[in-house]
Amino acid sequence: MSGRVARILSAAADMPAAQWDACAGDDNPFTRHAFFAALEASGSAVARTGWQAAHIVVDDAAGVPAGILPAYLKSHSQGEYVFDQGWADAWERAGGRYYPKLQCSVPFTPATGPRLLLRDPAAAPVLLAAAETLAVQNGFSSVHATFLTPEQQALFAAQGWLMRTGEQFHWANDGYGDFGDFLAALSSRKRKAIRKEREGALADGLEIVHLTGAAITEAHWDAFWRFYQDTGQRKWGRPYLTRAFFTQVGATMGDRVLLMLALR
């Protein structure tokens, strides 16, 4: 794909959903067109909040998108779940200007996934070269790509990007057939503590429901929104997603959403 020219989208909505999703595939809901469109149309990830979309697209010879690198111009480091404020402070103490930077990520979503959305794998080095050129031509301090899959880390490394190592904690199902199997693998003390918590919840008359698709109503989203705001107020950060985001996600990709509620 040498010689192909990259173009920049100022919003995911500037590309037809079918073309975007042909590159993104169907495996990861966070890379789908509907998710990015909801983030941007709802006012959650927009220039006003420090997230100006600058999605990089490379077309094939027929003018059809062959690959996309979702990216944002950032005027701060919030909402990324990778904390590089120390880098920014050091850069500025040395006389430089760290912001704006180019961030290749899914806003407010610390979930590992593809960052190069490739209908044609040959588009990968072209997209990465375009990101580098965009930064140089506009005087951006740096380009960052976060929460990459191991397979795509290799693509970035092959292009000469520096690798940064982080740490997350994930629960894995080690062949448990049911919750009892999971409890049996724990120490007696932990097993008793969990059983006591669950018995207490049942005694309080709590019911756990799993909702998806059309079963999630605006009243459910209202309740979730209150919890979301409360969580944000208890942390040093702030809630990033607007209430409109949840309505749009429910309408455009509700079949990919699972909402769990405890009811009394």
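The values are calculated or read from the model by the stated rules, or taken from the named source; none is laboratory data. What you see is a predicted model, and the numbers here were worked out from it, not measured in a lab. FYI the Cβ positions are ideal-geometry reconstructions off the backbone, even for glycines, and counts take in every protein chain you see. Areas reflect the complete protein model, heavy atoms only, side chains present, ligands, DNA and RNA absent. Shrake-Rupley method; radii C 1.70, N 1.55, O 1.52, S 1.80 Å.
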What value does the chain have for Rg/Rh, both radii from Cα atoms and Rh as Kirkwood defines it? 1.02
Does segment 120-164 classify as rounded, prolate or oblate by the C-alpha gyration tensor (a ≥ b ≥ c root eigenvalues; a/c under 1.5 gives rounded; else a/b over b/c gives prolate, otherwise oblate)? oblate
How high is the relative contact order of segment 5-159? Use alpha-carbon pairs under 8 Å, at least six apart in sequence, and give a whole percent. 23
Rounded, prolate or oblate (a/c below 1.5 giving rounded, otherwise prolate when a/b exceeds b/c) for segment 201-263 by Cα gyration tensor: oblate
Do you know the relative contact order of segment 164-264, to the nearest whole percent, from alpha carbon pairs under 8 angstrom that are 6+ apart? 39
Mean-position separation - Cα centroids, segment 190-245 and segment 54-110, in angstrom: 31
Could you compute the FRET efficiency for residue 10 and residue 92, with r as their C-beta to C-beta distance and R0 at 30 Å, rounded to 0.05? 0.65
0 to 90° range, to nearest 10: angle between helix 218-234 axis and the chain longest Cα axis: 80
Most packed first (mean Cβ within 10 Å per residue), the peptides 132-145, 222-235, 166-179, 67-80 order as 67-80, 132-145, 222-235, 166-179
Please calculate how many Å² of accessible area the chain carries per residue, with a 1.4 Å probe and no DNA, RNA or ligand atoms counted. 56
Using helices alone, I'd like the mean residue ellipticity at 222 nm for the chain: each DSSP H run of four-plus residues gives -39500 (n - 2.57), total over residue count, nearest 500. -11500 deg cm²/dmol
Using alpha-carbon coordinates, inclination of helix 243-253 to the longest axis of the chain, degrees: 90
For segment 1-54, which whole-number percentage of the solvent-accessible area (1.4 Å probe, protein heavy atoms only) is attributable to carbon and sulfur atoms? 53
Between helix 188-203 and the chain: long-axis angle, C-alpha atoms, 0 to 90°, nearest 10: 80
The relative contact order of segment 75-135, taking Cα pairs under 8 Å that sit 6 or more residues apart, comes to a percentage of 32
Apportionment of accessible area to carbon and sulfur, segment 201-263, percent (1.4 Å): 61
Cα-based shape type of segment 1-68, given that a ≥ b ≥ c are square roots of the gyration tensor eigenvalues and the cut on a/c is 1.5: oblate
Could you look at segment 63-132 and say what percent of its accessible area is carbon and sulfur, using a 1.4 Å probe and all protein chains? 60
